[in-house]
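Please read the structure below before turning to the comments.
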Amino acid sequence: MTEVHQQTKVQYGDVFLSQQQVYEWSMKFRNGVTSVADAPHPGHAHTVVTPESNAAVEALVMENCRVSVDEIAKLLNMNHGSAHHVIHDGLQFHKVSARWVPWQLTPELKR
């Protein structure tokens with residue numbers, strides 16, 4: 001491993017990987033790993049932000065413009081971050097005087 005590290009360090013300079021990282025990668029390749037790309041990580045897939053969830057959040061906000069992000073998350077069985085993402089990024093609603101309003105107000109909403 002040290003020889004491999006020294007040879008590649010000569011070629012790439014100080015910006016190359018540490019000797020420990022070269023050792024770990026060498027061991028992985030010996031054990032049959034053929035890619036250094038990140039493997040998919042276990043966990044929840046981001047499936048909460050869908051057109052259906054956007055429509056459900058929009059319906060809740062239009063029904064009660066004073067609803068909170070936590071209430072929306074609880075009613076739709078999603079976490080706070082997902083509800084916040086749908087409201088702010090998906091629907092582009094923002095709080096104004098404790099009410100959710102669209103970012104771009106139409107003439108009907110300005111009344």
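A few comments on the model shown:
- Scope region 31-54; condition surrounded by 11 or more Cβ atoms within 10 Å (Cβ to Cβ) and either over 19 Å from Leu75 (Cα atoms) or modelled with pLDDT of 80 or more (or both); matching residues: Val33, Thr50, Ser53, Asn54
- Identity of the residue in region 80-99, assigned to a helix (DSSP H, G or I) and small (Gly, Ala, Ser), that ends up modelled with the lowest pLDDT: Gly90
- Residues of region 1-27 that turn out to be part of a loop (DSSP other than H, G, I, E, B) and surrounded by 11 or more Cβ atoms within 10 Å (Cβ to Cβ), as a count: 3
The values are calculated or read from the model by the stated rules, or taken from the named source; none is laboratory data. Bear in mind that the values here come from a model prediction, so they are computed numbers and not experimental data. FYI the Cβ positions are ideal-geometry reconstructions off the backbone, even for glycines, and counts take in every protein chain you see.
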